[in-house]
1. So what's the gap between the Cα centers of region 207-248 and region 121-196, to the nearest angstrom?
2. What number, in percent, do you get for the relative contact order of region 162-279 if the mean sequence gap of Cα pairs under 8 Å and at least 6 apart is divided by its residue count?
3. Sorted by average packing, counted as other Cβ atoms within 10 angstrom per residue and highest first, what order do 184-192, 238-246, 61-69, 39-47 take?
4. Excluding Asp214 itself, what net charge comes from residues whose Cβ is under 13 Å from its Cβ, given Lys and Arg +1 and Asp and Glu -1?
5. With angles folded into 0 to 90 degrees, how steeply does helix 19-30 sit against the dominant principal axis of the chain? Use alpha carbons for both and round to 10.
6. Taking only Cα atoms and a 10 Å spring cutoff, compute GNM fluctuations for the chain and point out the largest among Met105, Met168, Met181.
7. So what is the 222 nm mean residue ellipticity for the chain from helices alone, if each DSSP H run of at least 4 adds -39500 (n - 2.57) and you divide by all residues, rounding to the nearest 500 deg cm²/dmol?
8. Please identify, among Val132, Val202, Val224, the residue showing maximal mean-square fluctuation in a Gaussian network model of the chain using a 10 angstrom Cα cutoff.
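Read-outs throughout are calculated quantities, based only on the coordinates presented, and are distinct from any laboratory measurement. Remember, it's a predicted structure, so these values are computed and weren't measured experimentally. Note that each Cβ is placed from the backbone with ideal geometry, even for glycine, and that neighbours are counted across all protein chains shown.
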Amino acid sequence: MYYTDKKLQFPVRVEKPNAVFARALQQAIGGVEGEIRVALQYFFQAWGARGPTKYRDMLLSTATEEIGHIEMLATAVALNLENAPLSVQEDVAQDTVAGSVLNGMDFRHLLSTGLAALPSDANGVPFDASHVYASGNLAADMIANVTAEGSGRVLAVRLHNMTDDPGMKDMLSFLIARDTMHQQQWLAAIEDMGGLAASLPVPNSFPQTEEQADFSYAFINTFVDGVPPAEGRWTTGESLDGKGSFRLAQGRPLGDEPRLAPPRKNSGAQNEQIAGSIL
């Protein structure tokens, strides 16, 4: 069960409404880097979490916080749209360059919501949950969460750099700070589970004796002959889990050319295909 006191987690104010920036803010709501994504990701990880309940509790708390971030951003979008033009005539009156505002707006802010936010990205594509990752493996999920917060922080920094509105910069600096903490807490959770080395490989419950061990720590170079391989920490020295040593291996085919059976009758293929003859 969830509750609200109707107050924002952090003040949201807009001194100079900007309908085009409202569209940019949509990416932080419904984009793949946005708050809807991480809120749902943390909720579904929590709702399916098995094992120590402290990880579930942490996920639930942070997921609920992310709802508050959606609320802040939706409020910011609405405030940025308060002086938006409602017609071409009004747009021209606001700016001597015809269509200068409307052409940069998301028309659905005008046509579908009456100058309010949408559950979509900056291009108007509705959020579809395709980037919500909840595997049931706590280590895999925490690593995915670090990535999610990293891409979200990159987006928030870019939005911060796009605006000169003091209120928007304050709000975004708060969201950037929360992304900093969330990156740290997911990494701390991995450490709490025994550390990254103990967690690797994910899942660590599969016996590595059943792997093709020759390839477990080999970086395969797929560049053509004569092109230097991409050598680095990943090609030499002890592996990060301490269970092997990295090595550089030249890519080479180990299997044969694939051969498929001829098409079956009534499969819609050509007669020559079905008979196995060459067209």
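1. That distance is 30 Å.
2. Across region 162-279, relative contact order equals 16 percent.
3. The densest-packed peptide leads the list: 39-47, 61-69, 184-192, 238-246.
4. +1
5. 40 degrees
6. Among Met105, Met168, Met181, the largest mean-square fluctuation in the Gaussian network model of the chain belongs to Met181.
7. Mean residue ellipticity, 222 nm, calculated: -14500 deg cm²/dmol.
8. Most flexible of the set in this elastic network: Val224.
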